[in-house]
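First the structure, in the form of structure tokens, and then the observations on it.
Just so you know, all these numbers are worked out from the coordinates, no wet-lab data involved. Bear in mind that the values here come from a model prediction, so they are computed numbers and not experimental data. Cβ sites come from the backbone with ideal geometry, for glycine too, and all protein chains shown count toward neighbours.
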Amino acid sequence: MNLHLPHHPSPRALALQQAFLEQGLPETPDLCLVLGGDGTILHAIHQNQTGMFFGINCGTLGFLMNDFS
């Protein structure tokens, strides 16, 4: 599976991104794993209108995102 990883610049999102980047990411994604808040996932969907998206909430509200603890 190919993965794309847009993120918010919060410390929590940066730590998650670093953990994923250590695994290596391909150039053409099958899945867009978004780390941040609702604005981050909306921005990612606007930029990449094809494919699947999965959001992990690293922001404050996260109505559109999945909780990560």
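How would you order 29-40, 12-23 from highest to lowest mean count of nearby Cβ atoms within 10 Å?
Descending packing order for the listed peptides: 29-40, 12-23.
Once amide H atoms are built 1.01 Å from N in the peptide plane, which residues 5 or more positions from Gly59, or in another chain, come under 5 Å H to H?
Result for Gly59 returns Gly36, Gly37.
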